[in-house]
1. Against the definition (surrounded by 14 or more Cβ atoms within 10 Å (Cβ to Cβ), within 25 Å of GLU138 (Cα to Cα) and hydrophobic (A, V, I, L, M, F, W, C)), how does VAL48 come out, yes or no?
2. Provide a single number: the residues in segment 91-121 that are surrounded by 18 or more Cβ atoms within 10 Å (Cβ to Cβ) and either among the aromatic types (Phe, Trp, Tyr) or more than 22 Å from ALA38 (Cβ to Cβ) (or both).
3. If ASP14 meets every condition in (1) surrounded by 16 or more Cβ atoms within 10 Å (Cβ to Cβ); (2) under 16 Å from the mean Cα position of the chain (by Cα) apart from one, which number is that one?
4. Output the residues belonging to segment 50-92 that are out of contact with any His (no Cβ under 8 Å at 6 or more places or on another chain) and of a type in the set (S, T, N, Q).
5. Go through VAL60, VAL74 for me and flag whichever is touching a helix residue (DSSP H, G or I) at 6+ places or on another chain (Cβ under 8 Å), more than 29 Å from GLN18 (Cβ to Cβ) and among the aliphatic types (A, V, I, L, M).
6. Have a look at SER151, SER107 and point out the one that is small (Gly, Ala, Ser), at negative phi and more than 20 Å from the chain's Cα centre (by Cα).
7. Out of (1) over 26 Å from ASP56 (Cα atoms); (2) within 13 Å of the chain's Cα centre (by Cα), the odd one out for ALA144 is which?
8. Does VAL20 count as of a type outside the set (S, T, N, Q) and closer than 23 Å to ARG136 by Cβ?
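Just so you know, all these numbers are worked out from the coordinates, no wet-lab data involved. Nothing here was measured: the structure is a model prediction, and the numbers come from that model. Cβ placement follows ideal geometry from the backbone for every residue including glycine, while neighbour counts extend to all protein chains displayed.
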Amino acid sequence: MRGKQATKRKLEPDMIYQSVLVTRFINKLMMSGKKSTARAIFYNAMDVIKEDKKLDPMKVFETALRNAMPQMEVRSRRIGGANYQVPIPVDGGRQESLGIKWIIEASRTKKGQQMYKKLASELMDAANNTGNAVRRKEDVHKMADANKAFSHFR
């Protein structure tokens with residue numbers, strides 16, 4: 001490492017679900033500092049899951065995030081003039097960050113609906129092990145599996 005590692009800041013749990021994970025999700029969903037808009041989108045998506053699907057929204061959220069979190073990823077390493085894609089295990093904090101990021105990106109790429117409806121449908125898809133976020137995780141795992149011959153370069 002070149003410099004000092006940044007210190008982790010303590011996040012406050014959100015108002016409704018009392019979860020730090022929800023706060024991280026809302027912070028990642030936020031654009032241009034508009035946290036109230038990000039909160040409204042998230043809570044409306046959770047209301048859609050609760051009203052339409054008759055499910056516990058927090059369990060759906062946690063299951064969706066667990067299904068979208070990768071266990072392995074590939075990192076590029078330069079060894080002897082050649083670049084190798086070396087598979088490495090992902091630590092817990094990065095797993096959560098990637099899962100959150102992929103769910104939000106997948107819901108943003110959908111067309112033709114309001115953001116909270118897109119987010120609710122992506123959370124439901126990820127909870128059912130389908131959807132773009134889970135597909136992205138599977139692609140990363142396939143790439144890591146295909147390059148496991150280079151794992152000794154770790």
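1. Numbers: surrounded by 14 or more Cβ atoms within 10 Å (Cβ to Cβ): yes; within 25 Å of GLU138 (Cα to Cα): no; hydrophobic (A, V, I, L, M, F, W, C): yes.
It is false that VAL48 is surrounded by 14 or more Cβ atoms within 10 Å (Cβ to Cβ), within 25 Å of GLU138 (Cα to Cα) and hydrophobic (A, V, I, L, M, F, W, C).
2. Here the count works out to 2.
3. Going through the list (1) surrounded by 16 or more Cβ atoms within 10 Å (Cβ to Cβ); (2) under 16 Å from the mean Cα position of the chain (by Cα), ASP14 breaks only (2).
4. THR63, ASN67, SER76, ASN83, GLN85
5. VAL74
6. SER151
7. Result: ALA144 passes all but (2).
8. no
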